[in-house]
Amino acid sequence: VCPEIATGNLGCGAFNGHHHLKALQQWMAASVAKRPLRYYTFKDRMFRDGVLEGFVEWAVSADVRVGEIWRALTRLGQDEDLFGRPPLFDRVKSDIEAARADPSSSGAADHDPAATTTASSPTSKAE
């Protein structure tokens, strides 16, 4: 078993992937696998320090579950342009907070194994 997952903005260069979404996907997968994540932002310090770490700090302090992030992404993808404005992390946070305020609207699935997995705190590096 590998002690830690080292990854980064996979598919975000020549393939035009969305690095906010890729970070969330890989973070969710590492959390469910219960593996530490070392996320390399490839010298993008603004993303690391201003965006990713702020979201991670909020999610960990708010005890956000992987299932909550997944459901937020699913709802956002159905209702609007997933990559529009405001930034994806802000919209995921707002969606989770709204769902927590009104649990009847969250559509939580009891059979979702990730619903009870806490999103763990990754280590991000801008290398």
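The values are calculated or read from the model by the stated rules, or taken from the named source; none is laboratory data. Predicted model only: the values in this text are computed from it and were never measured. So basically every Cβ, Gly included, is an ideal-geometry build from the backbone, and we count neighbours across all protein chains shown. Just the protein is used for accessible areas: all its heavy atoms, side chains included, with ligands, DNA and RNA removed. Shrake-Rupley method; radii C 1.70, N 1.55, O 1.52, S 1.80 Å.
Can you tell me which residue among 60, 66 is crowded, with 20+ Cβ neighbours inside 10 Å and of a type in the set (Val, Ile, Thr)?
66
For residue 39, which of the numbered conditions (1) within 18 Å of residue 6 (Cβ to Cβ); (2) open to solvent by 40 Å² or more (accessible area, probe 1.4 Å); (3) not in a helix (DSSP H, G or I) fails to hold?
Answer for residue 39: the failing condition is (2).
Could you run through the stretch 17-36 and say how many residues are over 18 Å from residue 76 (Cβ atoms) and assigned to a loop (DSSP other than H, G, I, E, B)?
Here the count works out to 4.
Name the residues in the stretch 1-16 that are among the small types (Gly, Ala, Ser) and either assigned to a helix (DSSP H, G or I) or modelled with pLDDT of 85 or more (or both), would you?
Hits for the stretch 1-16 are 6, 8.
Listed residues 49, 44; which is surrounded by 15 or more Cβ atoms within 10 Å (Cβ to Cβ) and at pLDDT below 85?
Among 49, 44, only 44 is surrounded by 15 or more Cβ atoms within 10 Å (Cβ to Cβ) and at pLDDT below 85.
Can you name the residue in the stretch 69-97 that is at pLDDT 80 or above and among the basic types (Lys, Arg) and is also least open to solvent (accessible area, probe 1.4 Å) among such residues?
91
Residue pairs, Cβ under 8 Å, 6 or more apart or interchain, first in the stretch 13-37 and of a type outside the set (Gly, Ala, Ser), second modelled with pLDDT of 90 or more and open to solvent by 50 Å² or more (accessible area, probe 1.4 Å). List them.
Pairs that qualify, where the first residue is of a type outside the set (Gly, Ala, Ser) and the partner is modelled with pLDDT of 90 or more and open to solvent by 50 Å² or more (accessible area, probe 1.4 Å), are 28/70.
Quick one: would you say residue 100 is among the basic types (Lys, Arg), over 14 Å from the mean Cα position of the chain (by Cα) and modelled with pLDDT of 90 or more?
Judged against the criteria, residue 100 is a match.
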